[in-house]
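A.B. asks: I'd like to ask you about the structure that follows.
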Amino acid sequence: MDQETPLAAGAEGTEERRLPPDPEEAAVARLFRAALLVTTGVALLFLLLPIVAVFLRVPLGDLLSALGSTAALDAIRVTAETIAISMALIIGLGTPAAYWVSTRRGALRDVLVTLVELPLVLPPAVAGIGLLVAFGRAGLLGDEIDALGIDIAFTKVAVILAVTFVASPFYLRTAVAATPAVAGPVIMDALID
């Protein structure tokens, strides 16, 4: 119960008063807030320490000159290309899929959302092995992909597949949740035009 919010007038206009906060409850609340601060600090430290370590380990001038090297520029270019293609695939295929999933109800929707979120809980090594077993030369689709003349191993195509596999659940989760709020008005406007 909120101990600080004043109450409205009681019966027959008398003013009701709250009891002072229980010291034990106040101590538990302070302890809980302190625990939240400590755990948040540890989580932020864990996430930020590797980034800070890079900047502390390598002088800024060396880092900037290294970013201008041919190898670094090639890596940046390949990263930009593969991410752009992956995002186009995720948005192009994921938006209609998210709309369809968001319009389902009951057990079917629950199963579909679970399948969409499954890659999020896979360890990275398992995801990599799964992609290799599915799309590698000896994988499930290996013969078909090879017949098309597409080589996946150690290519940009492999990077695109990996990025799409890892990133698409994040997009789909958000799009499935947002679609009902957006799709109704947009579809109605499209039907009116």
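A.B. asks: Would you check if residue 76 is among the hydrophobic types (A, V, I, L, M, F, W, C) and open to solvent by less than 50 Å² (accessible area, probe 1.4 Å)?
C.D. replies: no
Yes/no per residue for (1) surrounded by 17 or more Cβ atoms within 10 Å (Cβ to Cβ); (2) in a loop (DSSP other than H, G, I, E, B); (3) at pLDDT 90 or above:
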| residue | (1), (2), (3) |
| --- | --- |
| 62 | no, no, no |
| 71 | no, no, yes |
| 117 | no, no, yes |
| 158 | yes, no, yes |
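A.B. asks: Can you find a residue in the stretch 139-147 that is under 17 Å from residue 92 (Cα atoms) and not acidic (Asp, Glu)?
C.D. replies: For the stretch 139-147, residues under 17 Å from residue 92 (Cα atoms) and not acidic (Asp, Glu): absent.
A.B. asks: Working only within the stretch 31-60, note down all residues that are of a type outside the set (A, V, I, L, M) and open to solvent by 100 Å² or more (accessible area, probe 1.4 Å).
C.D. replies: 32, 33, 46, 55, 57
Residue-wise test of (1) at pLDDT below 95; (2) among the acidic types (Asp, Glu); (3) surrounded by fewer than 16 Cβ atoms within 10 Å (Cβ to Cβ).
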| residue | (1), (2), (3) |
| --- | --- |
| 94 | no, no, no |
| 101 | yes, no, no |
| 105 | yes, no, yes |
| 113 | yes, no, no |
| 124 | yes, no, yes |
| 136 | yes, no, no |
| 139 | yes, no, no |
| 148 | yes, no, yes |
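A.B. asks: Could you give me the residue pairs with C-beta distances under 6 Å whose first residue belongs to the stretch 146-159 and is within 14 Å of residue 134 (Cβ to Cβ), whose second residue is part of a loop (DSSP other than H, G, I, E, B) and open to solvent by less than 80 Å² (accessible area, probe 1.4 Å) wherever it lies, and which are 6+ apart or on separate chains?
C.D. replies: Within 6 Å, the pairs are 158/152.
A.B. asks: Against the conditions (1) surrounded by 11 or more Cβ atoms within 10 Å (Cβ to Cβ); (2) closer than 29 Å to residue 156 by Cβ, where does residue 26 fall short? Just the number, please.
C.D. replies: (2)
A.B. asks: Name every residue in the stretch 143-180 that is of a type in the set (Lys, Arg) and under 23 Å from residue 101 (Cα atoms), in order of residue number.
C.D. replies: Selection gives 173 alone.
A.B. asks: Would you check which residues across the stretch 79-92 are of a type in the set (A, V, I, L, M, F, W, C) and open to solvent by 50 Å² or more (accessible area, probe 1.4 Å) and list them?
C.D. replies: 80, 83, 84, 85, 87, 88, 89, 91
A.B. asks: Counting only residues that are assigned to a loop (DSSP other than H, G, I, E, B) and not β-branched (Val, Ile, Thr), how many does the stretch 119-156 have?
C.D. replies: Total meeting the criteria: 13.
A.B. asks: Test of understanding: among 108, 112, which residue is aliphatic (A, V, I, L, M), in a helix (DSSP H, G or I), in contact with a helix residue (DSSP H, G or I) (Cβ under 6 Å, 6 or more places away or on another chain) and over 30 Å from residue 75 (Cβ atoms)?
C.D. replies: 112
The values are calculated or read from the model by the stated rules, or taken from the named source; none is laboratory data. All figures in this text were calculated on a predicted structure; none of them were measured in a lab. Backbone-built Cβ (ideal geometry, glycine too); neighbour counts: all protein chains shown. Calculation scope for accessible area: heavy atoms of the full protein, side chains included, ligands and nucleic acids excluded. Shrake-Rupley method; radii C 1.70, N 1.55, O 1.52, S 1.80 Å.
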